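In what follows, a single structure is set out as structure tokens and then discussed.
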Amino acid sequence: MRYNEPSALGQRVRCFPEAPRLTRSNGGCKGQTVDINLKSAVVPIREHRLGSISGYVGTADDLARKSAAGTLEDRRRTFTQCLSCSEMCAVSMLAYIQDAAVISHAPIGCAASFGGMNQLNRWGQNKRDLPVENVHLVSTNLSERDTIFGAAAKVEAAIRIAYERFAPRAIFVATACASAIIGEDLDGPIETLERELGVPIVAVHCEGFRTQIWSSGFDAAYHAILRKIVKPPQRKRNVVNVINFWADDVLTDLFRPLGLEPNMIVPFSSIAQLETISEAVATVQMCTTLGTYLASGLEELHGVPVVKSPLPYGIKGTDAWYRALGRIAGKEAEAEAHIAAEKAAIADDLAALRRELAGKTAYVAAGSSHGHSLISVLRELGVKLEGGCFYHHDAKYDHGDRAADHLRHAVDTYGDFKVGICNKQVFELVNLVRRIKPDMLIVRHGNLAVWGAKLGIPTFLLQDEHLSLGYRGIIRYGRKIADFVSNPALVKHLARHTKLPYTDWWLEQNPYAFLQDASPV
Amino acid sequence: MTIVEQPRQFCALSGQQTILAIERAIPIVHAGPGCSSMLFGGLAMSNGFQGSGYAGGGTIPSTNTTEREVVFGGADRLRDVIEGALKVLDADLFVVLTGCTADLIGDDVGQVVGAFQQRGVPIAHASTGGFRGSTCFGHETVIHALIEQILEPAPATIPGLVNVWSVIPYKDTFWAGNLRAIRELLEGIGLEANILFGHDSGGLGAWRRIPAAQFNLVVSPWVGLSIAEGLQSAFGTPYFHAPVLPIGAVESSRFLREVGAFAGVDSQKIEAFVAAQESRFYHYLDRAADFFLEARWDLPDRFVNIADSFYTLGISRFLVNELGFLPGHQFITDDPPERHRPALTAGLAQLADHVSADVTYSNDGGEIARTLRAQTRSDQRPIVFGTSWDRDIARELRGYCVSVNLPITDRLVLDRAYAGYAGGLRLIEDMYAAVLSRQQ
């Protein structure tokens, strides 16, 4: 059988691994929790689980209202530019577990992310005084032959190689488009080798074509951790799980008055550290888009409460979040004292920054939850918001509690604003930002910042999601952007000396011209 | 090749970066949602931070395959994205490249693209599903597609016009500088180099001139030979194969004399240019001699390349024949087809009289490190010309490391060239920067 004959289709798709379909019941985005089903190796994608969408135009208030009511509809695009994928996201969480190994079960192209992950790994190890060494990533390097005859032997070989070379405490095997389409059986080799080698070996079903919402890959990685790494709690410890990307630790100072310690997961943690996250007193998330599944899984399976409040970005959000933590720690009075002291400590600096940034306008293009956070911080600094676009929107989070509706919090606290759900489509962003001409463009994803700069707009990307966190984060972030907009020399040169790759026709169209009519999720 | 740790090249869909290197050409990727970004990240970002350029990175149109297309086929979706790209993006040439999903389910891309070609749209397509082959394979595949689908026979040959087929854009971190250096060498002896990739290379217009060239020049151990052969059979154009990437004076002068002789350039003209270039090159080598001869603390005493065949052969010849270095074990990471390996192995075995090196072919960092460990005597201090992966093994062996191949995340690369006379000086500067900065 030749791989590229249409007649192969039926035989190929028949082999898909189990992919449970959760259909939302009526008003499914209202309060209820999503079940965490560890019996299945596959976690349902966000479109099915959270009613997530990747196309929308309107206002933040409308988006939050429809999300709460369960009436949100998705809009597809006929023309699209490249996205990220869930495999990338899944591996990006697992690759930095310092004593684990990850196998990319895919052709070697899916290993194109390894070099960048190694850079980030070594950077993070340097910062944290960990031994600096290369990431533990291996590719099964699927070839044309493997797509025809199968690659089970390669999975086994890769697991053995990973075990011999890295002596890992756990091995994750991530699927990709090609391995999923050829329908490789992972469970067989994994079970056998797990018994033989004596370390957990976990399949991570994260092939890219299943979802347009790459954050589904985070869920796949966390599902793997919940299934085979996390152990039932033996005792409670005064630590709080902090689900984050790879940010600096600003939380130790923040938690100290409450007698709590942060346990930053998953990147730069160890397997032993992950085994006991069930013993924490609570879980906080710096980006709910990232952490929703793991946080809810820990709550549902091991009784670790998720802090369900607005996130600690901007003053009001930080107030609510810190009070919630204070209640969990039984230190409400200490929390109030700390809140008052911190607010007093930043008052003068905040006033000065507000004066400096007065009249400045911004547009925000960021991942969903952190985008809402950045908007809160910008508004706290007195920056005028021209609107925002988020890469996707989750109609709810896994715990189902609308107290943690960050978009609603941003709208109620800082006022309504224009919103697009843009799926990282640069052509829409360039069209839109070119019209709006904000004083600054705030982005948080690769492959985007340069397009704001080419329009001559100071464009700011801050990878560290903790820098803007808490009361002092407002000042830290404010100083960064004040510095950044004060000397736009680079972007002016870029705008003058580069040509945009878009036609004049496109730049005159409605930025959302390629969005089709709404359809139910 | 089998299981790979620390990859040094990727899959056939890497051809998207070859297309992006053609001025005002844009790939349209018919593949899963992450493929294009992932390859952009691996080839253009974690590789000297080469960046998006005119229409790379997040600009690349992609069908972002969903489950629906995997089950029902993706031809309609591809048609929509092509239609959109034609309206939205300002380009002279579009090239549809398929990824694993489209190639596995068997979308008839030729039919979809053919309909646009019949409308006169400048568009081509190539089958570059990741499982089909490597970055090198993808590079050659997209060029073959352009030759077959875009080029027309020329009415007349243009004397002195030379198409250059050499390093792979983006995969070679220094491609932009290297191609410019080769152009300057050829222009120095009066030839017109059709460089085809990179800044000021002429875009589609330059590609349309390919059939009019006097000859094709392959400056490469093996990549690009099939292109020259293809052009010979399609248009009858002869080709000259220069297997060594010329670095420094010895190789650059040899290169110019050989190419010049093939092209029929007057030898006096060649010698005049060579003399001027060598005068400048050796002026600086002379100045550096105090350092070479006196700074004897912990200098490297064997060099090791962990690089593609361009660099492993090119750097080895330069260091042995120009600077009098001795080779340690060598590695070639770009998986040359078996038929090309004997020449590469022999080239490294006969670097100079009584100077020879053994070579291992591998794209797997684990195997490379294990082999190097076994092949390095404990009293030898190697300098490794490799990638950012190789910092660990270089340190373990008390040696030094210069990143010259993908992935490169420890240096920013703009227009630096290692090819040509000046390229040799740059390589000397960079290797001793690695040595000295490590010591201080």
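Output the residues belonging to the range B:92-105 that are within 7 Å of chain A (Cβ to nearest Cβ) and either of a type outside the set (S, T, N, Q) or within 22 Å of A:Lys499 (Cα to Cα) (or both). Correct list: B:Cys100, B:Asp103, B:Leu104, B:Ile105.
For (1) within 23 Å of B:Gly57 (Cα to Cα); (2) modelled with pLDDT of 95 or more; (3) touching a helix residue (DSSP H, G or I) at 6+ places or on another chain (Cβ under 7 Å), each residue gets a yes or a no:
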site: A:His48; (1), (2), (3): no, no, no
site: A:Gly58; (1), (2), (3): no, yes, no
site: A:Asp61; (1), (2), (3): no, yes, yes
site: A:Arg77; (1), (2), (3): yes, yes, no
site: A:Gln81; (1), (2), (3): yes, yes, yes
site: A:Ala90; (1), (2), (3): yes, yes, yes
site: A:Tyr96; (1), (2), (3): no, yes, yes
site: A:Ala101; (1), (2), (3): no, yes, yes
site: A:Cys110; (1), (2), (3): yes, yes, yes
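For the range A:258-280, the set of residues classified as farther than 29 Å from A:Phe166 by Cβ and surrounded by fewer than 19 Cβ atoms within 10 Å (Cβ to Cβ) consists of A:Gly259 only.
Only one of the numbered conditions (1) away from chain B (no Cβ under 14 Å); (2) within 30 Å of A:Thr71 (Cβ to Cβ); (3) part of a helix (DSSP H, G or I) is not met by A:Leu432, and that is (1). Across the range B:331-374, the number of residues qualifying as more than 23 Å from B:Asp172 (Cβ to Cβ), of a type in the set (S, T, N, Q), assigned to a loop (DSSP other than H, G, I, E, B) and touching a residue at least 12 places away in the same chain (Cβ under 8 Å) comes to 1. Count of the range A:416-429 residues, restricted to those that are at pLDDT 95 or above and crowded, with 21+ Cβ neighbours inside 10 Å, is 8.
Confirm whether B:Ile82 is more than 14 Å from chain A (Cβ to nearest Cβ) and assigned to a helix (DSSP H, G or I). When the stated conditions are applied, B:Ile82 does not pass them.
Would you confirm, using the coordinates I've provided, whether A:Ala453 is within 13 Å of chain B (Cβ to nearest Cβ), free of Cβ contacts under 8 Å to residues at least 60 places away in the same chain and buried (at least 18 other Cβ atoms within 10 Å of the Cβ)? Yes: the conditions hold for A:Ala453.
Can you confirm whether the range B:96-117 contains a residue that is of a type in the set (D, E, K, R), at negative phi, outside the structural domain of B:Arg416 (by TED's automatic domain parsing) and crowded, with 24+ Cβ neighbours inside 10 Å? Yes - at least one qualifying residue is present in the range B:96-117. One residue alone among A:Ile53, A:Ile36 is of a type outside the set (Gly, Ala, Ser), in contact (Cβ under 8 Å) with a residue 24 or more places away in the chain and surrounded by 24 or more Cβ atoms within 10 Å (Cβ to Cβ), and that residue is A:Ile53. Residues in the range A:67-112 that are in a loop (DSSP other than H, G, I, E, B), farther than 21 Å from A:Leu294 by Cβ and within 7 Å of another protein chain (Cβ to nearest Cβ): A:Thr78, A:Phe79, A:Thr80, A:Cys82, A:Leu83, A:Pro107, A:Ala112.
Scan the range A:246-263 for residues that are on the phi < 0 side of the Ramachandran plot and touching a residue at least 24 places away in the same chain (Cβ under 8 Å) and the total you get is 12. When restricted to residues that are under 20 Å from A:Pro107 (Cβ atoms), outside any strand (DSSP E or B), touching a residue at least 60 places away in the same chain (Cβ under 8 Å) and more than 12 Å from chain B (Cβ to nearest Cβ), the range A:124-177 contains 0.
So that you can scan it fast, the table gives a plain yes or no per residue for (1) surrounded by 15 or more Cβ atoms within 10 Å (Cβ to Cβ); (2) outside any loop (DSSP other than H, G, I, E, B):
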residue	(1), (2)
B:Ala275	no, yes
B:Arg280	no, yes
B:His283	no, yes
B:Asp298	no, no
B:Tyr311	yes, yes
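For the range B:1-34, filtered to residues that are in a helix (DSSP H, G or I) and facing chain A (nearest Cβ under 9 Å), the residue that is surrounded by the most Cβ atoms within 10 Å (Cβ to Cβ) is B:Leu13. Scanning the range A:284-295 for residues that are buried (at least 24 other Cβ atoms within 10 Å of the Cβ) and either farther than 22 Å from A:Ile45 by Cα or of a type outside the set (A, V, I, L, M, F, W, C) (or both) turns up A:Val284, A:Thr288, A:Thr289, A:Gly291, A:Thr292, A:Tyr293.
Taken together, the residues in the range A:53-66 that are closer than 21 Å to A:Gly400 by Cβ and either touching a Phe, Trp or Tyr at 6+ places or on another chain (Cβ under 7 Å) or at the interface with chain B (Cβ under 8 Å from one of its Cβ atoms) (or both) amount to 2.
Every condition in (1) at positive phi; (2) in contact with a Ser or Thr (Cβ under 8 Å, 6 or more places away or on another chain) is met by B:Ala213 except one, and the failing one is (1). Taking the conditions (1) at the interface with chain A (Cβ under 7 Å from one of its Cβ atoms); (2) outside any helix (DSSP H, G or I) in turn, B:Gln50 satisfies each one other than (1). Confirm whether B:Arg68 is of a type outside the set (A, V, I, L, M, F, W, C), within 11 Å of chain A (Cβ to nearest Cβ), more than 13 Å from B:Val29 (Cα to Cα) and not in a loop (DSSP other than H, G, I, E, B). For B:Arg68, the condition - of a type outside the set (A, V, I, L, M, F, W, C), within 11 Å of chain A (Cβ to nearest Cβ), more than 13 Å from B:Val29 (Cα to Cα) and not in a loop (DSSP other than H, G, I, E, B) - is met. From the list A:Ala174, A:Ala180, A:Ala170, the one residue that fits, being closer than 21 Å to A:Val230 by Cα, within 28 Å of the chain's Cα centre (by Cα) and either of a type in the set (Phe, Trp, Tyr) or surrounded by 24 or more Cβ atoms within 10 Å (Cβ to Cβ) (or both), is A:Ala174. Under the condition of being small (Gly, Ala, Ser) and surrounded by 23 or more Cβ atoms within 10 Å (Cβ to Cβ), which residue from the range B:237-259 is farthest from the chain's Cα centre (by Cα)? In this case the residue turns out to be B:Ala249. In this entry, A:Asn118 is excluded by the filter for residues that are within 10 Å of another protein chain (Cβ to nearest Cβ), buried (at least 22 other Cβ atoms within 10 Å of the Cβ) and assigned to a loop (DSSP other than H, G, I, E, B).
Looking only at the range A:495-512, residues that are among the aliphatic types (A, V, I, L, M) and either in a strand (DSSP E or B) or surrounded by 17 or more Cβ atoms within 10 Å (Cβ to Cβ) (or both) come to 1 in all.
Go through the residues of the range A:345-361 one by one and say whether even a single one is buried (at least 23 other Cβ atoms within 10 Å of the Cβ) and either of a type in the set (A, V, I, L, M) or on the phi > 0 side of the Ramachandran plot (or both). No.
The values are calculated or read from the model by the stated rules, or taken from the named source; none is laboratory data. Since the structure is predicted, the reported quantities are computational estimates derived from the model, not experimental observations. Neighbour counts run over all protein chains shown; Cβ positions are idealised from the backbone, glycine included.
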